[in-house]
Amino acid sequence: MKVAKRTFDAVIVGAGGAGMRAAVTLAESGLKTAVISKVFPTRSHTVAAQGGVSASLGNSEPDHWTWHMYDTVKGSDWLGDQDAIEFMCKQAPQVVVELEHYGMPFDRTDEGKIYQRPFGGHMSNFGEKPVRRACAAADRTGHAMLHALYQRNVRANTQFFVEWLALDLLRAADGRVLGVIAMEMETGEITVFQAKATLFATGGAGRIYYSSTNAFINTGDGVGMAARAGIPLEDMEFWQFHPTGVAGAGVLITEGVRGEGGILRNASGERFMERYAPNAKDLASRDVVSRAMVTEINEGRGCGTAKDHVLLDITHLDADVINKRLPGIREISIQFAGADPIKTPIPVVPTCHYQMGGIPTNYRGEVVAHGEAVAGFYAAGECACASVHGANRLGTNSLLDLLVFGKSSGESMIEFIRGEGAALPEIPQGEIDKALARVNRLDTQKNGADVHETRLAMQRTMQAHAGVFRFKDMLAQGVDKILDIEKQVLQTEIKDKSKTWNTARTEALELENLIEVAKATMISANARTESRGAHVRDDAPDTPEHPNGRDDANWLKHSLWYREGNRLEYKPVNLKPLTVESVALKTRAY
Amino acid sequence: MTSRTVKFKIYRYDPDKDAAPYMQDISVELDPSDRKLLDALVKIKALDDSMSYRRSCREGVCGSDAMNINGKNGLACLTDIDSLPQPITLRPLPGLPVIRDLIVDMTQFFKQYHSIKPYVVNNSPAPEMERLQTPEEREELNGLYECILCACCSTSCPSFWWNPDKFVGPAGLLAAYRFIADTRDEATNERLDNLEDPYRLFRCHTIMNCVDVCPKHLNPTKAIGKIKELMLSRTV
């Protein structure tokens, strides 16, 4: 089959916050840049972020980037790389101000500055007391940000390929990345996008779980493509369960609700977080709050007839505050929980929310494999692992990650394109044929597995075997189950054979990406026999020798999963920041 | 809610195999947890994988799953199934070319959005920190910036149906006013010039279908009225 070819300086896959921030930098530099997205840019999942983007602007009270850095390292349970964390926290005020200059409609303080609210794990003076660091546009910060970034790209004349599904990464024999192969969803036509530099900004894969705050489109396409192209995946055992998904529906309720004064209560109305985190209480780190909630439910103090959730209570707040600062939450609660939070608490339950791991990069956005940068390949945002979030991400650091690493990867790409990347090697035909074979199989597969059923089986397995609390035996069984389900995934059959906007085909191809993420997660989680951050297992309990079950002597290291042979390797955590002193290892308590 | 069978009539068209569009009768068994119309569409697609529609966030913020539901535009993810008389009739958004089933070609809609220069224009040297804006000035953007570009409004507007190439339409005009109302934007005059035309702005006849259907409860007609006022006040 002959495929068309288009040539660019830079190709970006994904038009969420990270991809569009990188696109601004690249397009404004005058380089020929293409952004490929399977949805119209403003439909990317950044749009659903609610509470804020962190930056130590200090608009309402003193703050400092070193405090932000300390909170991020502590939040990561010391698994985050401190060079990348320093870079991100130091850059934060600048990228947030740039975004304001792009037109982002931040809320304002009385002095006219960007409004900031408290958030989980944000503290002043190295963990002392809560600080207002989350820069917010009501509870629609992600929406406001994504639209502002799209608008800036319209101004910069960025070339978008909207509703194109990237199929695979293309590499030369020596490993250099040469672009991607992608399919136009409207026509089914396949085109090679050859580029001097390629950025993956494809977002997370929260849809590997049954109950997720994530959009349908969060299928880990970049992560799956990278794995198929021989790139290892880093720290995939670490998944954030957000404390407050609407019970039953999974839709996100921002931590900003607790930032504005919301309180979690169990069946007897008790503010139970006082027992688990006496200092930070409801604003402890997300992993800590989620575990406290599940413990309450498991011990019979859950709410409702099935005692399967807890309540998020803001009935004590002024209706004016709710309408002004949390209007979207009120709407979501009425829509999906049938509860108006002005009068009735919101039923909530921990829900899969964020992938801390991903494609290994450094803080310049360069993808790193086997200890060195992969020429021509960059990743940023949730699909990447810089690693700034380590074992648990702080709320609002995701939007910051998009801005900082979207920008830095754009800058690194410019440098590469103008230097050694100027040459454009031929793409080996075999690389193209591999992608075509995956698409062609779907045209001819007989007696195969059903996409919907197979995906459900994967999601239920992940939910049951790799949830908020993990169990040795369940993890081992989970590995076998996921490897079994993979066999089904590789022989799915679709009935719809149309070339035009074939969403059955899209979903089958997305499932092939999801399963790579599921395997990496289950296998890495099974192997890590300690508890750290969001990864907590029954055979690594809290002991005096290993507080919180963390085992720094053996496990202060990043996991690297290779698709080939499901092999695991490990690499050390970088405890050395760029300019300041290392944040020393400590037991984590809030 | 309980398990129940729900009846649908759904617009189907696949240009690869259908000579013409047709309405398909479908009954689907729903679980108690299936609350929104999008839940039902997911169930229908599990039974017939050729059923084509766009969807993403499932919480009313991405704007993907706009469609015509029992004659009125709305988002499938925010519409309660049990609030709708059956059979529930689903059609693609009116006035735009249909690509397949419930998927329309939105090129014209976005072209109009782009035509209003949807970005803050400010050529003053950027300050080191944020450009200041009082809470009251910022409040002027409420009811404007929340648009999700779902196109429910523009595709319910008879003026847009008639002149999709000349009339900006409610979504685009709401965005135009969002930038006019922003104290950081310096291009109000150029923006008004850009709309001074028998069609671009003035084809709005305040029919207010846009207000009626907006899933985010925004009011494009009011924004259009404000642009018209500004247009008038600068001519007198």
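The values are calculated or read from the model by the stated rules, or taken from the named source; none is laboratory data. If you're wondering where the values come from, they're calculated on a predicted model, not measured in any experiment. Glycine gets a Cβ as well: all are built from the backbone with ideal geometry, and neighbour counts include every protein chain shown. To get the accessible areas, we keep the full protein, side chains included, count just its heavy atoms, and leave off ligands, DNA and RNA. Shrake-Rupley method; radii C 1.70, N 1.55, O 1.52, S 1.80 Å.
Structural remarks
- Screening A:K499 with (1) of a type in the set (D, E, K, R); (2) within 14 Å of chain B (Cβ to nearest Cβ); (3) farther than 24 Å from B:V42 by Cα gives one miss only, at (3).
- Of the residues making up region A:82-101, those that are under 16 Å from A:W67 (Cα atoms) and either open to solvent by 10 Å² or more (accessible area, probe 1.4 Å) or within 14 Å of chain B (Cβ to nearest Cβ) (or both) are A:D83, A:F87, A:K90, A:Q91, A:A92, A:P93.
A quick yes/no check of all residues on (1) assigned to a strand (DSSP E or B); (2) crowded, with 21+ Cβ neighbours inside 10 Å:
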residue: B:Y11; (1), (2): yes, no
residue: B:K17; (1), (2): no, no
residue: B:A40; (1), (2): no, yes
residue: B:S52; (1), (2): no, yes
residue: B:S56; (1), (2): no, yes
residue: B:V61; (1), (2): no, yes
residue: B:S64; (1), (2): no, yes
residue: B:L90; (1), (2): yes, yes
residue: B:L93; (1), (2): no, yes
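- Any hit, region A:499-522, residues being at pLDDT 95 or above, more than 19 Å from A:M225 (Cβ to Cβ), in contact with a helix residue (DSSP H, G or I) (Cβ under 7 Å, 6 or more places away or on another chain) and not aliphatic (A, V, I, L, M): no
- Residue check, A:G58 out of contact with any His (no Cβ under 7 Å at 6 or more places or on another chain), buried (at least 24 other Cβ atoms within 10 Å of the Cβ) and part of a loop (DSSP other than H, G, I, E, B): no
- Any pair with Cβ under 8 angstrom, 6 or more apart, that starts in region A:36-52 at a residue that is under 25 Å from A:R133 (Cα atoms) and more than 9 Å from chain B (Cβ to nearest Cβ) and ends at one that is of a type in the set (S, T, Y) and open to solvent by 10 Å² or more (accessible area, probe 1.4 Å): A:A49/A:S398
- Number of positions in region B:134-153 that are in contact with a Gly (Cβ under 7 Å, 6 or more places away or on another chain) and either surrounded by fewer than 23 Cβ atoms within 10 Å (Cβ to Cβ) or of a type in the set (D, E) (or both): 1
- Filtered residues of region A:102-117 (kept if open to solvent by less than 30 Å² (accessible area, probe 1.4 Å) and without any contact (Cβ under 8 Å) to a residue 40 or more places away in the chain): A:F106, A:R108, A:G112
- Tally, over region B:36-78, of residues that are of a type in the set (S, T, N, Q), within 7 Å of chain A (Cβ to nearest Cβ) and in contact (Cβ under 8 Å) with a residue 60 or more places away in the chain: 1
- One residue alone among A:I329, A:I322 is in a helix (DSSP H, G or I), within 14 Å of chain B (Cβ to nearest Cβ), touching a Pro at 6+ places or on another chain (Cβ under 9 Å) and at negative phi, and that residue is A:I329.
- Restricting attention to region A:336-370, the residues that are surrounded by fewer than 24 Cβ atoms within 10 Å (Cβ to Cβ), within 13 Å of chain B (Cβ to nearest Cβ) and touching a residue at least 24 places away in the same chain (Cβ under 8 Å) total 1.
- Here A:A34, A:A22, A:A15 are screened, and the one residue that is open to solvent by less than 20 Å² (accessible area, probe 1.4 Å), modelled with pLDDT of 95 or more and in a strand (DSSP E or B) is A:A34.
- Within region A:253-284, considering residues that are in a loop (DSSP other than H, G, I, E, B) and of a type in the set (D, E), the one nearest to the chain's Cα centre (by Cα): A:E255
- Residues satisfying the stated conditions in region B:14-50, i.e. under 22 Å from the mean Cα position of the chain (by Cα) and not basic (K, R): B:L37, B:L38, B:D39, B:A40, B:L41, B:V42
- Condition met for A:N157 (touching a residue at least 24 places away in the same chain (Cβ under 8 Å) and open to solvent by 30 Å² or more (accessible area, probe 1.4 Å)): yes
- Residue check, B:P198 assigned to a loop (DSSP other than H, G, I, E, B), over 18 Å from B:K117 (Cα atoms) and not assigned by TED's automatic domain parsing to the domain that holds B:G71: yes
- The residues in region A:532-572 that are assigned to a loop (DSSP other than H, G, I, E, B), within 21 Å of the chain's Cα centre (by Cα) and within 20 Å of A:F241 (Cα to Cα) can be counted, and the count is 3.
- Residue list for region A:261-292, restricted to those being closer than 22 Å to A:E128 by Cα, aliphatic (A, V, I, L, M) and free of Cβ contacts under 8 Å to residues at least 60 places away in the same chain: A:I263, A:M273, A:A292
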